[in-house]
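Each reported figure results from applying straightforward, stated rules to the coordinates on display, with no laboratory input. Values in this document were obtained by computation on a predicted structure and should not be read as measured data. Note that each Cβ is placed from the backbone with ideal geometry, even for glycine, and that neighbours are counted across all protein chains shown.
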């Protein structure tokens, strides 16, 4: 995703903040520690880490959620709140009727 072109002129758009991203990475790492002989990161941690890396590289403290790809947004939403604050058993699309 081209973050730099989607990070200016954010107005009142929903934002992702570096501090919140760091917390999400820590939650994802705690729930999914690196595994294997090569200490491979869990896929969600890698996705969040890539967003973090781009933000650091571009010297961004925040960016619009619209700059994220669908996969990045899905992972961000999964880890953006502490698990205790998230719905314990979200309804599947089939259960929503």
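Taken along the Cα-to-beta-carbon direction at a fixed 7 Å, the label points for residue 69 and residue 52 span 1.9 nm. Once divided by 2.2 N^0.38 Å, the Cα radius of gyration of the range 12-81 becomes 1.09.
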